[in-house]
Amino acid sequence: MLTTFLLLPLGGAVLSALLPHDRAREARWIALVFAMAAFLVSVVMFVMFDRTAEGYQFVDQFDWIAAGDFTIQYVVGVDGLSAPLVLLLGLLSVVAVLVSWNIDVKPKQYFAWLLILEAAVAGVFISLDLIQFFLFWELELIPMYLLISQWGSGRRLYSATKFLIYTLAGSALMLAGFLVLGVEAGTFDMAQIAADPPTEAIVPMAAVFWAIMLAFLVKLPVFPFHTWLPDAHTDAPTAVSVMLAGVLLKMGGYGILRIVVSIMPEQAIEFRTVLATLAGFSVIWGAIITLRQTDLKRLVAYSSVSHMGYVLLGVAALGPVGLSGAALQMFTHGTITGLLFVMVGMVYDRTHTREISQMSGLMHRMPVIGVAMLLAGLASLGLPGMSGFVAELTTFLGAFGPHPTATIFAIFGVVLSAGYILWMIQRVFHGPPTEQWAHLTDAREWWEYAAIVSLVVAIIGVGIYPAILTDVVEAGIAPIAAIVEAAS
Amino acid sequence: MTLWEHIHYIGPALTLLVGAGAVFSIDLIAGRRAPVWGLTLLVIVVAFGWTTAQALDGTAGQALSGSVVVDRFSIFVTFILLVSVLAVTMAARDWLTRLDGNAEFLAMLLVATGSMALLVQANDLITLFIALETTSIAQFIMAGMARTSRSAEAGLKYLLTGAVAAAVLLYGFAFLFGISGSTELPAIADFVRSSPEGQRLPLLLAFVFIAAGFGYKMALAPFHAWAPDVYEGAPAALASFISVASKAAGFAIALRVFYTGLGGGDTFVAQDWAMVFGGFAAISMLFGNIGALAQTSARRLLGYSSIAQAGNIAIGIAAVAAGSTMGPSGVLFFLGTYAATNLGAFIAVTAVQERLGTDEIADYAGLMKRSPLTAGVLTLCLLSLTGIPPTAGFIAKVYVFNAAVQADQLWLLGLVALAVLNTAISAFYYLRWVRTMWLDEPKDAVSFRPAGPTQAVLLAAMLGVLFFGMAPTWLITAAQRAAASLL
């Protein structure tokens with residue numbers, strides 16, 4: 001089933017690339033059909049997922065390379081940690097295709113790269129072999145780089161290159177770390193390594209820990225490695241921003257939970273204060289910078305830095321509650337920020353500016369977009385009844401015990417986020433309607449509605465009935481928490 | 001042994017050398033209308049067939065009074081040599097028809113390949129040196145054959161550094177002979193295995209001299225100075241041949257001498273020569289990558305890139321000594337994937353130069369629109385050189401780095417850390433080039449197609465890069481079996 005999920009977007013990409021004519025119509029329908037098919041597979045997977053069982057489910061496994069000492073498996077599987085992320089990826093990929101409906105520059109290539117991006121991220125979330133994980137991690141760079149640099153706006157080349165260099169520099173040492181782990185353990189199979197983790201290597205395990213951790217901290221991103229993110233977001237096309245904020249950042253959080261905490265719990269405990277401090281800084285610094293933004297898209301981008309700080313805070317708590325909070329935050333942030341970027345994209349499509357100071361009273365012209373933006377904003381600042389609240393509350397509950405100071409800073413971040421979100425909504429959508437925007441129209445295409453509705457349903461659904469998600473997440477976090485418990 | 005067996009053992013090398021004579025003769029007799037290009041291809045195909053026969057009937061053993069040896073290792077490397085000379089000959093068809101003296105070039109190419117095939121079979125220092133010098137002289141001649149001032153400069157530079165390298169190598173051999181009392185590799189190996197502690201320092205000196213001599217062939221820093229100039233100035237066909245075949249032969253013979261001839265990875269001096277190569281590897285990666293950053297000429301950039309790649313491969317040799325079982329096979333596997341990758345890249349660059357008359361990377365702007373095949377293959381090869389999946393270069397790097405980590409020594413781990421960071425640096429110039437081809441607007445919209453044989457080579461390289469990237473088990477197994485035959 002997971003292999004199907006991986007292959008469907010690839011198949012769509014190949015089909016799209018082979019189209020005889022470079023016309024948007026065929027390319028986008030192919031992309032939509034294949035993204036929908038992959039989404040349906042992920043839904044079926046999520047529904048059929050056994051929420052009481054521990055361990056990996058839907059496992060496909062065979063030796064990809066088997067040559068003497070050098071064995072690399074193809075092994076995919078999901079547990080409660082990755083299952084929600086796979087579902088999120090399926091959903092956001094459909095949304096990404098929908099909001100790309102207007103793309104008319106080289107549509108064949110565009111949709112092919114978008115689907116390859118989906119496949120690469122899928123590979124990261126479901127790979128259970130370190131080398132295979134690294135392969136997909138690197139594979140994701142090329143579609144991202146081309147999507148930003150070719151279909152982006154503004155200083156797109158600069159931003160795409162910055163993204164590439166940061167990620168590559170971050171992940172370079174990750175490979176070295178993986179090789180050390182694999183050689184010490186005698187296998188690259190994540191489950192086997194986590195069951196019997198190497199306790200010493202040729203270098204101190206702390207060095208291995210940081211070599212791997214750095215890649216994930218850059219990806220998450222955490223202060224001070226976050227500067228690539230606002231640039232990449234600002235200059236990326238809407239769909240790519242949705243994918244970037246929605247799922248690509250989660251690769252960092254996922255990697256920390258799946259690999260760093262599960263395999264090196266002792267080092268995670270040793271450095272938990274450092275991580276919590278970084279998290280607190282990220283939340284506060286991200287929020288303060290967000291307050292200062294005058295560009296609508298940059299504002300949402302910086303808010304991601306702040307919100308991903310919560311994920312790291314939950315991780316640093318290292319208890320079942322905090323870790324669950326981190327995992328929940330990854331899912332909910334994906335849907336919420338995904339929706340925010342979709343709405344920013346729709347506003348930009350109409351106004352052709354992202355300067356907040358130039359906008360005023362847009363609610364009068366586009367009530368649907370305004371209301372959806374408001375919903376996303378409220379969810380983002382953690383209003384009860386929406387998914388963001390559940391995740392943030394869980395994170396704070398888990399983190400307060402071990403890291404009271406960082407948690408208080410982070411809670412202060414929520415106050416700031418209320419500030420920047422509401423202020424932004426007020427400046428953009430309220431106030432007197434101006435003559436300049438009198439001609440603007442509201443969302444009216446079917447694909448605009450489809451993109452908005454699907455994300456709003458996800459946000460409110462999880463907010464009202466969190467158990468649909470929390471059951472799964474807790475089943476996935478329990479074994480990781482047990483590993484940490486055993487190590488402390 | 002029968003005479004036939006002696007002939008069979010050196011069959012591929014003999015075919016190439018006799019073929020070179022045939023190409024010369026037919027040109028003398030029939031003049032300019034002689035089908036020398038076709039004849040050269042025929043010679044290569046026969047050599048291919050002979051090597052395949054050796055591989056299939058499991059030929060192994062010494063011949064010619066122990067001066068040459070045939071084993072899976074020599075067969076593996078001979079295949080790489082033949083693939084490169086075939087690709088180079090095919091891609092050079094149009095250039096050769098314009099060249100005054102095409103038969104001489106082709107004959108020299110066959111001489112160079114034939115003596116390389118003999119080189120990788122060499123089992124004593126004298127055979128080795130003679131084969132190496134024959135290869136070099138043939139290449140010096142070819143380097144100057146384009147009759148441009150750049151070509152002449154390249155030829156002279158190659159000759160002068162080559163002469164110094166040969167002298168240094170011979171000096172090292174003299175040391176080795178003086179210490180061990182033999183020129184035969186098995187005898188030297190026996191001597192080293194007897195752990196003559198008192199000879200440690202002279203042995204170390206011999207290692208450094210010999211490694212320097214081979215380092216010239218491999219384009220390993222600090223013996224790399226010729227590489228960018230020769231890559232840029234020599235005829236393109238020769239440059240692509242040097243970048244793959246010469247490097248493969250250099251690494252092969254280094255493995256043969258250091259691994260077989262010095263008694264394997266567990267002798268009392270193994271750690272010493274491993275560190276020599278480790279040092280060269282580190283310098284090569286740094287020099288190559290930093291040098292490549294500033295290049296605007298495509299072929300010069302590939303020259304620096306080949307220095308950096310030599311550093312990557314040398315990590316495999318360094319890993320040998322520390323007891324990594326994957327080291328030698330890592331070198332061979334990397335050479336195999338590198339052959340497909342670098343031939344593809346170099347021949348694509350040659351095709352662009354042939355059609356557009358420029359070597360400046362800035363002129364690659366919009367190549368994707370002008371020649372999708374050339375740009376596509378070049379993109380894939382550059383990704384492979386960077387080491388990005390799903391290309392062969394990714395697996396090759398993971399394999400070699402894994403070999404070094406497996407050795408479980410701190411300095412090797414440091415070398416790997418340096419190598420992965422260098423990979424990130426190299427991404428900058430490789431991908432900048434890719435970006436130019438895909439995103440920049442072309443100066444004019446004239447599209448072009450490479451010549452027929454060149455297209456075939458480019459497609460083959462693309463298939464190789466993808467196939468070895470996605471299903472590398474076969475090549476890795478072959479490399480492991482070849483490496484196992486070394487001891």
What helices (runs of 4 or more DSSP H), lying completely within segment A:118-185, carry at least 3 residues that are more than 8 Å from chain B (Cβ to nearest Cβ) and either more than 18 Å from the chain's Cα centre (by Cα) or farther than 15 Å from A:GLY252 by Cα (or both)? A:141-151, A:156-185
Given (1) within 26 Å of B:ILE395 (Cα to Cα); (2) among the hydroxyl-bearing types (Ser, Thr, Tyr); (3) part of a helix (DSSP H, G or I), identify the lone condition not met by A:THR71. (3)
Would you confirm whether or not segment B:184-207 contains a residue that is modelled with pLDDT of 90 or more, assigned to a loop (DSSP other than H, G, I, E, B) and touching a strand residue (DSSP E or B) at 6+ places or on another chain (Cβ under 8 Å)? no
Selection count, segment B:1-42, where residues are crowded, with 18+ Cβ neighbours inside 10 Å and among the β-branched types (Val, Ile, Thr): 5
Quick check on my filter: what residues within segment B:404-450 are facing chain A (nearest Cβ under 9 Å), in contact with a Ser or Thr (Cβ under 6 Å, 6 or more places away or on another chain) and of a type outside the set (A, V, I, L, M, F, W, C)? B:GLN406
I want to confirm something. Restricting to segment A:186-203 and keeping residues that are within 16 Å of A:ASP129 (Cα to Cα) and of a type in the set (A, V, I, L, M, F, W, C), which single residue is nearest to the other protein chains (Cβ to nearest Cβ)? A:PHE188
Considering only residues that are part of a helix (DSSP H, G or I) and either basic (Lys, Arg) or surrounded by 24 or more Cβ atoms within 10 Å (Cβ to Cβ) (or both), which ones fall in segment B:231-245? B:TYR231, B:GLY233, B:ALA237, B:LEU238, B:ALA239, B:SER240, B:PHE241, B:ILE242, B:SER243, B:VAL244, B:ALA245
List every residue pair whose Cβ atoms lie under 6 Å apart, where the two residues are 6 or more positions apart in sequence or sit on different chains, the first residue falls within segment A:193-204 and is within 10 Å of A:LEU181 (Cβ to Cβ), and the second residue, located anywhere, is of a type in the set (D, E, K, R). A:PRO198/A:GLU184; A:ALA201/A:GLU184
Tell me, yes or no, whether segment B:367-387 has at least one residue that is facing chain A (nearest Cβ under 8 Å), in a helix (DSSP H, G or I) and either aromatic (Phe, Trp, Tyr) or without any contact (Cβ under 8 Å) to a residue 40 or more places away in the chain (or both). no
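What's the total number of residues in segment A:301-328 that are in a helix (DSSP H, G or I) and either closer than 16 Å to A:LEU81 by Cβ or of a type in the set (D, E, K, R) (or both)? Let's see the steps before the verdict.
Looking only at segment A:301-328, we keep the residues that are in a helix (DSSP H, G or I), and these are A:301-317, A:320-328.
Filter once more, so that each one left must be either closer than 16 Å to A:LEU81 by Cβ or of a type in the set (D, E, K, R) (or both): A:311-312, A:314-315, A:317, A:320-328.
The total comes to 14.
Every residue, every condition in (1) of a type in the set (Phe, Trp, Tyr); (2) assigned to a helix (DSSP H, G or I); (3) touching an Asp or Glu at 6+ places or on another chain (Cβ under 9 Å), yes or no:
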position	(1), (2), (3)
B:TYR171	yes, yes, no
B:LEU220	no, no, no
B:PHE223	yes, no, no
B:ASP229	no, yes, yes
Grab the helices (runs of 4 or more DSSP H) fully contained in segment A:217-294, keeping just those with 1 or more residues being under 18 Å from A:GLU392 (Cα atoms). A:249-255, A:272-291
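Among the residues of segment B:327-344, what is the count of those that are among the β-branched types (Val, Ile, Thr) and either outside any helix (DSSP H, G or I) or more than 22 Å from B:ALA298 (Cα to Cα) (or both)?
From segment B:327-344, those among the β-branched types (Val, Ile, Thr) are B:331, B:337, B:341; that's our starting set.
Of the ones still in play, those that are also either outside any helix (DSSP H, G or I) or more than 22 Å from B:ALA298 (Cα to Cα) (or both) are B:331.
Of the residues in that region, 1 qualify.
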How many residues does segment B:458-484 contain that are more than 14 Å from chain A (Cβ to nearest Cβ) and at pLDDT below 95? 0
Number of positions in segment A:146-168 that are within 12 Å of A:THR234 (Cβ to Cβ) and not hydrophobic (A, V, I, L, M, F, W, C): 8
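The values are calculated or read from the model by the stated rules, or taken from the named source; none is laboratory data. These figures come from a predicted structure and were not determined experimentally. So basically every Cβ, Gly included, is an ideal-geometry build from the backbone, and we count neighbours across all protein chains shown.
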